[in-house]
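Asker: Provided herewith is a single structure, encoded as structure tokens, for subsequent inquiry.
The values are calculated or read from the model by the stated rules, or taken from the named source; none is laboratory data. Predicted model, so just to flag it, every value in this text is computed and none were measured. Cβ atoms come from the backbone with ideal geometry, glycine included; neighbour counts cover every protein chain shown.
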Amino acid sequence: MKKEMNAKLLRIFMGESHKIGAIPVYEKIVGEAKLNGLSGATVYKGIMGYGGGGKIHSAKVLALANDLPLIIEIVDLEEKIEKFLPILDRIFEDGRVEGLITMEHAEIIRYTIGKFD
């Protein structure tokens, strides 16, 4: 069965070394997304990148290999993404995370077997 709908794509750029206590911030974000009923989240690990500070992080440089760039993508209906933003604010503040969040319109084409939720 095929269903099409409009949604938002939330993309979070950050380094993998950020933690809240012993928990990596990317794990906290994915866990909170699940707890808040978002459709899904995926974490991508980059092999090289730099952010606002201009420092290049690369898998080639052993000293920085533990702070490679990450991108977390979450796609869901706009209302659900908007409700999740204050949770992200709290996580970024608790973890003292420097990063970037972008949002854009997304058209979802969802294939499932059986009925839709």
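Asker: Answer yes or no as to whether Gly37 is outside any strand (DSSP E or B), of a type in the set (Gly, Ala, Ser), at pLDDT below 95 and loosely packed, with under 11 Cβ neighbours inside 10 Å.
Answerer: No.
Asker: Is there a residue in region 16-26 that is exposed (fewer than 12 other Cβ atoms within 10 Å of the Cβ), assigned to a loop (DSSP other than H, G, I, E, B) and either at negative phi or of a type in the set (A, V, I, L, M, F, W, C) (or both)?
Answerer: Within region 16-26, one or more residues are exposed (fewer than 12 other Cβ atoms within 10 Å of the Cβ), assigned to a loop (DSSP other than H, G, I, E, B) and either at negative phi or of a type in the set (A, V, I, L, M, F, W, C) (or both).
Asker: Let me ask something else. Only residues that are surrounded by 14 or more Cβ atoms within 10 Å (Cβ to Cβ) and either in contact with a Ser or Thr (Cβ under 6 Å, 6 or more places away or on another chain) or not hydrophobic (A, V, I, L, M, F, W, C) (or both): list them for region 95-109, please.
Answerer: Result: Gly95, Gly99.
Asker: Checking Ile56 against (1) closer than 17 Å to Lys19 by Cβ; (2) touching a Phe, Trp or Tyr at 6+ places or on another chain (Cβ under 9 Å), which test does it fail?
Answerer: Unmet condition: (1).
Asker: Sticking with this one: Considering Ile81, Ile87, which residue is under 27 Å from Ala22 (Cα atoms), in contact with an Asp or Glu (Cβ under 7 Å, 6 or more places away or on another chain) and at pLDDT 95 or above?
Answerer: Only one candidate passes the filter, namely Ile87.
Asker: Identify all residues within region 26-75 that are of a type in the set (D, E, K, R), closer than 23 Å to Asn6 by Cα and within 10 Å of the chain's Cα centre (by Cα); write none if there are none.
Answerer: Across region 26-75, the qualifying residue is only Glu73.
Asker: Now, a different point. Please go through region 40-62 and give me each residue that is outside any loop (DSSP other than H, G, I, E, B) and either among the hydroxyl-bearing types (Ser, Thr, Tyr) or over 27 Å from Glu78 (Cα atoms) (or both), ordered by number.
Answerer: Thr42, Tyr44, Met48, Gly49, Tyr50, Ile56, His57, Ser58, Leu62
Asker: Within region 1-25, work out how many residues are within 13 Å of the chain's Cα centre (by Cα) and aliphatic (A, V, I, L, M).
Answerer: Final tally of qualifying residues: 5.
Asker: Right, something else. Of the residues that sit in region 90-117 and are hydroxyl-bearing (Ser, Thr, Tyr) and assigned to a strand (DSSP E or B), which one is modelled with the lowest pLDDT?
Answerer: That would be Tyr111.
Asker: For residues that are closer than 25 Å to Glu82 by Cβ and of a type in the set (Val, Ile, Thr), scanning just region 40-60, find the one that is surrounded by the fewest Cβ atoms within 10 Å (Cβ to Cβ).
Answerer: Thr42
Asker: Only residues in region 100-117 that are among the acidic types (Asp, Glu) count as the first member; pair them with residues that are at pLDDT 90 or above, Cβ under 8 angstrom, at least 6 apart or cross-chain, and list the lot.
Answerer: Glu104/Lys8; Glu104/Leu9; Glu104/Arg11; Glu107/Ala7
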